[in-house]
Amino acid sequence: MNNRFANLFGLSESDAIAVLDKPLDQLTEDDSRYIAASQLAFFPSEESIAALTRAIENREPSLDNRIVRRKAIESLGKLKAKSGLATIHGCLTETDDTYTIENAAWSIGEIGTEDSAILETLAQLLAVPNQSYRAIIHTIAKLDYHPALDRIQSFTEYEDKTIASAALATVYRFTGNEEVMESVMEFLFHPNVYTRRLCIQDLIDTNYYPAIPYISQAPVSLVFRMRGLRMLAEVGLPTGALQAEVIGPELEKALYDHPKDLQLIHAYDDTPAIDRLIQELYETDFARAYLATKTLIEHSDRPAVGAALLQTYQDKAREDYGAHYHVMKLLGWLRYEPGYDVLAEGLNISQPQFQKSRAAAAMALGELGDPKAIELLTPCLESPLWDLRYGAILALDKLGDRSGFDRLAEDPDWSIRAKIASLV
């Protein structure tokens, strides 16, 4: 487990247990049983597991207590606490509380079990109305419970395509029928952004390597595409099912992230004004942001577009990690030289949620073609972020400076090694 947030709330294990066990009528305004249940996920002891189990068994009906029980179920899953399975199993009968069932299904999947009674209880929930079917199907698939196949099959045409995608992927996992995966890949270009994002997870779960070129073209945030491609690579490269020479170019295309390499699913009836296009860069559905990006790149008045980008950066894009990323890329593709200082700033931005902008800024500096950027980019070859190292390689290569590449021949990341090898 990643313990980066283990001390986020400043509670020791004993403090968290004491708060979680405190009678509800004795809680003060400084006590948060929810935080206590969250904190105990970082303490894999019998005492923590017992306290979380007690919290789950407390069925006091208030909303606050129900929320604490859900978090306690989740924490037991994070701890992979097999001793908590029986208690979590009992939560699957609470069919009037779909959130509790969803957390219980997820936790059972994290803990793992071959207990047919637990697995069959999960499968029977597929016949209960208004449940979190996607989470239930995922756990059944993860735990390889084939007796549920026929019931899962009935969800392959489900109205909610995030559920249909999970069902289709599970049918493939259980039967090997590749025909159903064509439908899953079609969801990469579905109008609903959540369907596009979640079907990538289904393609990851099935290790479906033929989907790789389609994932790289899906009009969703780079984060989702890169996660899909790299997780498939992590499984496929060691087994020989994939070769770096095959997936490497798709990964690079995704990292470069030019809209010409995506299958865009929206279109404008009439080309909007620049201001309207700039506003589209703030859309959480990146399919719309990519269409705006493509249109801005093709705009006849490039100086006006560049000036508008710098203005929106100063106004609010520097505080919006999605728009910030698009501004970085656009300044490069437009080769808008007045944007150099903004790109230099983006290259070194420190907030975690803006990290994808750093590689974008690196590649954009390469597009500007100014040799003075070499001094800024060279230190990026030592970055702990693989994508920033890769973006710096692309930019420095474009600027004609490969002097620092030799030391990357043994880089810990396979994609960096493959890229350096291709440049020799």
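The values are calculated or read from the model by the stated rules, or taken from the named source; none is laboratory data. Since this is a predicted model, take the numbers as computed values, not measurements. In this analysis, Cβ positions are derived from the backbone assuming ideal geometry, glycine residues included, and neighbour counts consider all displayed protein chains.
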**OP:** Could you please let me know if R134 is crowded, with 20+ Cβ neighbours inside 10 Å, in contact with a helix residue (DSSP H, G or I) (Cβ under 7 Å, 6 or more places away or on another chain), touching a residue at least 60 places away in the same chain (Cβ under 8 Å) and not assigned by TED's automatic domain parsing to the domain that holds Y194?
**Re:** yes
**OP:** Would you point out the residue of the stretch 146-179, among those that are surrounded by fewer than 20 Cβ atoms within 10 Å (Cβ to Cβ) and in contact with a Leu (Cβ under 7 Å, 6 or more places away or on another chain), that is farthest from E114 (Cα to Cα)?
**Re:** T156
Original post:
In the stretch 247-264, is there at least one residue being closer than 24 Å to T195 by Cβ and over 22 Å from the mean Cα position of the chain (by Cα)?
Top reply: yes
Original post:
Just a yes or no: is a residue in the stretch 266-276 touching a helix residue (DSSP H, G or I) at 6+ places or on another chain (Cβ under 8 Å) and either free of Cβ contacts under 8 Å to residues at least 12 places away in the same chain or assigned to a helix (DSSP H, G or I) (or both)?
Top reply: yes
Original post:
Which of the helices (runs of 4 or more DSSP H) contained wholly in the stretch 287-359 include at least 2 residues that are surrounded by fewer than 16 Cβ atoms within 10 Å (Cβ to Cβ) and touching a strand residue (DSSP E or B) at 6+ places or on another chain (Cβ under 7 Å)?
Top reply: none
Original post:
Does R197 count as surrounded by fewer than 19 Cβ atoms within 10 Å (Cβ to Cβ), charged (D, E, K, R) and either farther than 21 Å from E159 by Cβ or outside the structural domain of S415 (by TED's automatic domain parsing) (or both)?
Top reply: no
**OP:** Could you tell me whether any residue of the stretch 161-175 is touching a His at 6+ places or on another chain (Cβ under 7 Å), under 19 Å from D144 (Cα atoms), modelled with pLDDT of 95 or more and among the small types (G, A, S)?
**Re:** yes
**OP:** Hey, can you tell me all the residues within the stretch 199-224 that are closer than 16 Å to S165 by Cβ, without any contact (Cβ under 8 Å) to a residue 60 or more places away in the chain and assigned to a loop (DSSP other than H, G, I, E, B)?
**Re:** T206, N207, Y208, A218
Original post:
Are any of the residues in the stretch 214-223 surrounded by 23 or more Cβ atoms within 10 Å (Cβ to Cβ), in contact with a Gly (Cβ under 9 Å, 6 or more places away or on another chain) and of a type in the set (A, V, I, L, M, F, W, C)?
Top reply: yes
Original post:
Which is of a type in the set (D, E, K, R), part of a helix (DSSP H, G or I) and in contact with a Phe, Trp or Tyr (Cβ under 8 Å, 6 or more places away or on another chain), of R227, R173, R196?
Top reply: R196
Original post:
Can you tell me which of A233, A244 is in contact (Cβ under 8 Å) with a residue 40 or more places away in the chain, in the same structural domain as N192 (by TED's automatic domain parsing) and within 20 Å of the chain's Cα centre (by Cα)?
Top reply: A233
**OP:** Within the stretch 110-131, track down each residue that is surrounded by 13 or more Cβ atoms within 10 Å (Cβ to Cβ) and of a type in the set (S, T, N, Q).
**Re:** T113, T121, Q124, Q131
